[in-house]
Amino acid sequence: MRNSQDFAPPGPDTATAARRRPVRHRAAAALTAAVTFALVLTGCGGGDAAPKTASGSASGSGSAKSSADADRVEPLAGTPAPELPVTVESADGRKITIDSAHRIVPLTGSLSEIVFTLGLGRQVVARDITATFEQAEELPVVTRAHDVSAESVLSLKPTIVLADTTTGPSEAIDQIRDAGIPLLVVEPAGGLDDVGRRIDTVAEALGVPSAGTELKKRTERRIADVRKSVPDHADGEKPRVAFLYLRGSASVYLLGGAESGAGSLLEAAGAVDAGKESGLDKDFTAITSEALAKAAPDAILLMTKGLASVGGMDGLVKIPGIAETPAGMDRRVVTVDDGVLLNYGPRTDRVLAEIIGQLYAKGGTGR
């Protein structure tokens with residue numbers, strides 16, 4: 001799954017393409033397959049710079065740093081020496097042999113995060129537009145909107161390209177492969193259970209499996225530690241939290257369901273995914289007063305830029321149906337930076353800590 005960024009397809013999505021895109025893209029397709037969004041990703045274009053801090057602080061024994069560090073990754077100590085060549089299986093069924101990790105091009109922000117955290121950041125020569133963390137920000141961008149530019153990738157002479165099943169267009173992927181560049185496709189993440197798998201897959205492909213094991217253990221330990229900070233529910237009732245995807249400038253107002261990607265985080269935070277619980281079994285649906293009334297959220301989870309795009313809390317409660325929910329009446333929201341919310345990578349403990357910290361903050365989380 002790509003970073004949690006704005007939609008930016010270059011043209012109308014088809015139904016088939018929509019199914020292949022990550023949840024942020026599929027959310028747009030849930031409204032209509034013909035809509036073109038003229039938005040720019042976090043940290044790129046339109047003067048819309050990526051936030052430098054997160055909206056909360058990481059907690060829990062062993063959790064990584066504080067909110068001031070949220071736009072940085074924390075590499076493992078020491079730089080592993082890749083042991084190559086290796087032959088690995090790509091998610092698209094191909095066998096890929098990697099001879100060198102000297103020049104790495106990860107084509108999603110989540111994959112970039114894993115590579116840098118493994119300690120191989122110096123060998124990364126380009127980034128996807130969704131890689132917004134500080135260590136990667138000076139690298140050349142090889143995507144236009146969400147589409148890969150094969151020419152830009154090939155001009156950097158990569159020795160290995162990392163993608164996932166949402167990366168496209170397929171013509172660009174084929175062009176890179178036709179040039180003889182090893183290109184590994186990794187299955188995207190849909191929840192906490194996928195974090196370790198993706199770390200292992202990337203580490204094996206880059207010839208550093210022991211570093212992958214170390215990073216996986218560190219990440220899973222930190223997530224487990226943060227989960228211990230979930231307070232007991234005195235009344236036995238878990239808070240109901242609805243995940244909303246908002247982009248006010250494009251009139252995109254979506255309510256997350258069972259496949260939105262946020263459910264795993266909400267459940268780990270001791271909450272109920274209100275959209276899923278209300279019967280929404282797909283990824284996203286257009287917000288309606290009826291859908292919100294059925295979800296009846298006690299709090300609303302938002303991407304930071306999503307809340308800003310509707311004018312903050314005052315603008316949020318003007319969206320039809322919001323003000324009538326318990327969350328709207330209490331002005332209770334939880335916000336996490338776009339670039340990390342649905343990454344399910346090595347910084348997932350920070351994301352979970354922010355959700356827990358804001359959700360159970362004394363006096364609520366309204367802004």
For the ranges 231-237, 328-334, what's the packing order if you count other beta-carbon atoms within 10 Å of each residue, average per peptide, and put the highest first?
328-334, 231-237
If you take the beta carbon distance between K238 and S149 as r and set R0 to 51 Å, what does 1/(1 + (r/R0)^6) give as a FRET efficiency, to the nearest 0.05?
0.65
How much net charge surrounds R127 when only other residues with a Cβ under 11 Å from its Cβ are counted (Lys, Arg +1; Asp, Glu -1)?
-4
Span from the the stretch 155-182 Cα centroid across to the the stretch 256-312 one, whole angstrom
34
So, in nm, how far is label E171 from label D330 when the simple model puts each one 7 Å beyond its Cα toward the Cβ?
5.1
What's the long-distance tail for the stretch 211-341, i.e. % of Cα pairs beyond 24 Å?
30
Under the Karplus curve 6.51 cos²θ - 1.76 cosθ + 1.60, θ = phi - 60°, whole-Hz ³J(HN,Hα) for the stretch 286-301, x wherever Gly or Pro sits
4, 5, 9, 4, 5, 5, 5, 4, 6, 5, 6, x, 7, 8, 10, 8
Report the local net charge at D174: Lys and Arg +1, Asp and Glu -1, summed over other residues whose C-beta lies under 14 Å from its C-beta.
-3
Using 7 Å Cα-to-Cβ label points, what is the K318/K217 separation (nm, one decimal)?
5.4
Leaving out ligands, DNA and RNA, and with a 1.4 Å probe, what % of the accessible surface on the stretch 214-314 is carbon or sulfur?
46
For the stretch 244-322, accessible area per residue (1.4 Å probe, heavy atoms of protein chains only), Å²
34
Amide H to amide H, which residues 5 or more places from V272 or on other chains are under 5 Å from it, using H placed in the peptide plane?
R240, V241
Show me, bin by bin at 5 Å from 0, the whole-percent P(r) of the stretch 79-191 based on Cα pairs.
2, 12, 25, 27, 21, 10, 2
Would you mind working out the magnitude of the charge dipole of the stretch 80-228 relative to its Cα centre, with +1 at each Lys and Arg C-beta and -1 at each Asp and Glu C-beta, to the nearest 20 Debye?
460
If you take the beta carbon distance between L156 and D178 as r and set R0 to 22 Å, what does 1/(1 + (r/R0)^6) give as a FRET efficiency, to the nearest 0.05?
0.85
Once R0 is set to 35 Å, what does the formula 1/(1 + (r/R0)^6) return for the Cβ-Cβ distance between A258 and K95, expressed as a FRET efficiency to the nearest 0.05?
0.55
At E134 and R122, where each label point lies 7 Å from the Cα along Cα→Cβ, what is the point-to-point distance in nanometres?
2.0
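The values are calculated or read from the model by the stated rules, or taken from the named source; none is laboratory data. These numbers come from a predicted model, not from an experiment. Counting neighbours? That spans all protein chains shown, and the Cβs are built from the backbone with ideal geometry, glycine included. The accessibility values were calculated without ligands, DNA or RNA, using every heavy atom of the protein model including side chains. Shrake-Rupley method; radii C 1.70, N 1.55, O 1.52, S 1.80 Å.
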